[in-house]
Amino acid sequence: MAAKGDMVYAWTTDADLQSKAECGGAVTALLKYALESKAVDAVFAVQKGLDIYDAQPTLITDPKDLEKTAGSLHCGTLLLPKIIKKYLDGAKDKKIAVTVKGCDMMAMYELAKRGQINLDNILMIGVNCGGTVSPVMARKMIAEKFELDPDEVVKEEIDKGQFIVVMKDGTHKGISIDELEDEGYGRRSNCRRCLLKVPRQADIAAGNWGVIGDKAGKATFVEVCSQKGADLLTKAAAAGVVATEPANPKGIEIRGKVENAMLKLGNKWRDKDFTALGEGDERLKKILEETSRCIKCYSCIEACPICYCVDCSTKNPALVKPGQIPPGFMFHLIRFSHIADSCVNCGQCEELCAAEIPNALFMHAQQVELEKLFGHKPGVDMSLPVLALVEEATERKRLAATGSDQIYTNVFNPPPQ
Ligand code: FAD
Ligand code: SF4
Ligand code: SF4
Ligand code: SF4
Ligand code: SF4
């Protein structure tokens, strides 16, 4: 009988699945059990597409298809919650199990507190996360630094601080992530600054850190983080689809040490990145310079989990002049003022920016300052952000009455009579 707080080694009892899984296959086995037992209507996870650089979100309703999602894709820089909000009706009336990295989990809470995702219908299976490499960077890094053909790589993994690639002919090559990052390659900049390595606000947090002894590489380290997670593990073990044993105490200690080392590294990157941005006028000047490349493609808004408004203020002609490229700085100021207190540093606004503007860095730097001022930590629970001080009832009424949640009005958007 599993309970919240338990730490166990868990592995699938299905040998075929084990051979495809990242380590113990517990994640896929638990997801499969959740679907088979009808605890959920669907599983939303990530599968390999054309190659290792092509991570695809996938909605699965047939348990047989789940094995396609086994394995970790370190070039998978997706953010699943915004897709659930946009295309799966925010899990309003479907129960969905989702594999979440730390940033997915944080985005889930931010969307839930804005009424865009029904958390009661979501089962979050968390995976520890040391970071992801953007597909573009991965190809560049493999060609330039590994001196290998990116199209010949069939598998990548991160092990003992190395990024390792396995080639079609079975040979492999690993280079330390520190070395790669010192030379400007490696993980996304937001991942380097990320301090959410073990997603403990999900229902379970699964990883490979701390699996030692004869189970090394063959079991998943599972930390049970909620009653929902405990129930799932208990029932799946009773049904015989996963086997478990208590985690080795030495393994628990090692896992704690690795997590702490990663947090230290994250703080180091924060210092480095934020110091390089400067302060006050100097920081503003850098942001103005970089954002002057903006082509107003709206990708940052489309992808950001905090942006969900029916009418976006950046499209209000009274605030941002239409047809002007680059848009006036107000375009970016609107985003800063609406999002900075809740930014979860997921990196989507930077990853998908057509003009390669370091948007996530700018927003994250401001979020950290606001957290110091107001103490609000986004993404870890349902506590409301600073901006929630607006009258929600009034806003909802406006939306119901006019179909618009736009507060500001102008000639193109006259006030309702
Ligand atoms: P499997 O049964 O193989 O299932 C893997 C699950 O991961 C699937 O549900 C799949 O949908 C999902 N998945 C794969 N790629 C992604 C992605 N890019 N984004 C979201 N979901 C994805 N563990 C650690 O202990 N330390 C780490 O530093 C660490 N870094 C990781 C980095 C990434 C990008 C990912 C995806 C995972 C990382 N993990 C890390 C977790 C570890 O790799 C395994 O996912 C975990 O141990 C579960 O193993 P399993 O065999 O039970 O998973
Ligand atoms: Fe992982 Fe954090 Fe990067 Fe998200 S932001 S992919 S949780 S390291
Ligand atoms: Fe993610 Fe960028 Fe939105 Fe922050 S502002 S939550 S980094 S998309
Ligand atoms: Fe994002 Fe602000 Fe636009 Fe809403 S109004 S979608 S928070 S930029
Ligand atoms: Fe501008 Fe980049 Fe946002 Fe597109 S994604 S609107 S180019 S900042």
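What follows draws every value from the coordinates through simple rules; no lab data is involved. All values reported here derive from a predicted model rather than from experimental measurement. For neighbour counting, all protein chains shown are included, and Cβ atoms are generated from backbone atoms with ideal geometry for every residue, glycine included.
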At a temperature of 10 °C and a viscosity of 1.306 mPa s, determine how fast the chain diffuses translationally according to Stokes-Einstein, using the Kirkwood radius over alpha-carbon pairs as Rh; express D in µm²/s, rounded to the nearest whole number. 70
Could you list 48, 218 in order of exposure, starting from the residue whose Cβ has the fewest other Cβ atoms within 10 Å? 218, 48
Calculate the translational D of the range 295-383 in whole µm² s⁻¹ from Stokes-Einstein, where the hydrodynamic radius comes from the Kirkwood formula applied to all Cα pairs, the temperature is 25 °C and the viscosity 0.890 mPa s. 180
Farthest positive-ward along the chain dipole, Cα basis, beta-carbon charges - from 314, 57, 43: 314
What does the C-alpha gyration tensor say about the overall shape of the range 324-375? Classify as rounded when a/c is under 1.5, otherwise prolate if a/b is larger than b/c, or oblate. oblate
Which order do peptides 97-106, 191-200 fall in by mean Cβ count within 10 Å, highest first? 97-106, 191-200
Any idea what angle helix 249-277 forms with the longest principal axis of the chain, computed on alpha-carbon atoms, 0 to 90 degrees, nearest 10? 30
Relative to the longest principal Cα axis of the chain, at what angle does helix 392-402 sit, 0 to 90 degrees, rounded to 10? 70
What share of all Cα pairs of the range 1-151, in percent, falls into each consecutive 5 Å distance bin? 2, 9, 17, 20, 20, 15, 9, 5, 2, 1, 0
Aspartates and glutamates near residue 397 by alpha-carbon distance under 19 Å, same-chain residues fewer than 8 away left out - which ones? 311, 405
Rank the residues 374, 146, 362 as a footprinting-exposure proxy: fewest other Cβ atoms within 10 Å of their Cβ go first. 374, 146, 362
Find, to one decimal place in angstroms, the Kirkwood hydrodynamic radius of the range 153-195, where the mean of 1/r is taken over every pair of different Cα atoms and then inverted. 11.2
Quick calc: nm separation of the 7 Å Cα→Cβ label points for residue 271 and residue 398 -> 4.4
Rounded to whole Å, √(5λ) for the Cα gyration tensor eigenvalues of the range 134-276, largest first, gives 31, 21, 14
How far apart, in nm, are two points set 7 Å out from the Cα along the Cα-to-Cβ line at residue 83 and at residue 286? 3.3
Going toward the positive end of the dipole of the chain, with +1 on Lys and Arg Cβ and -1 on Asp and Glu Cβ, which of 337, 284, 3 do you reach last? 337
Return 50, 284, 35 ranked ascending by Cβ neighbour count within 10 Å, so the fewest neighbours appear first. 50, 284, 35
Computed over the Cα atoms of the range 27-75, what is the convex hull's projected area averaged over all directions, in nm²? 3.1
Computed over the chain, the relative contact order (Cα-Cα under 8 Å, seq sep at least six) in percent reads 18
Computed [θ] at 222 nm, helices only, for the chain once each DSSP H run of length n ≥ 4 contributes -39500 (n - 2.57): -11000 deg cm²/dmol
Kirkwood calc, the range 206-360, C-alpha pairs only, radius in angstrom 19.7
Report, ordered by chain and residue number, the aspartates and glutamates lying within cross-link reach of residue 372, taken as a straight Cα distance under 18 Å and ignoring same-chain residues fewer than 8 apart. 271, 273, 279, 341, 381
With springs only between Cα atoms under 10 Å, which of 121, 190, 316 fluctuates most in a Gaussian network model of the chain? 316
Helix axis angle, 359-374 relative to the chain longest principal axis, alpha carbon, degrees: 90
Report for the chain the percent antiparallel among DSSP-assigned beta bridges with both residues inside it, nearest 5. 75
Taking 7 Å along the Cα-to-C-beta vector as the label spot, tell me the residue 279-residue 263 distance in nanometres, rounded to one decimal. 2.6
Whole-Å distance linking the alpha carbon centroid of the range 294-337 with that of the range 36-105 is 29
Here are some pairs, 160/272; 145/197; 68/155; 4/64; 32/197; which of them have Cα atoms lying more than 19 Å apart in this structure? 160/272; 145/197; 4/64; 32/197
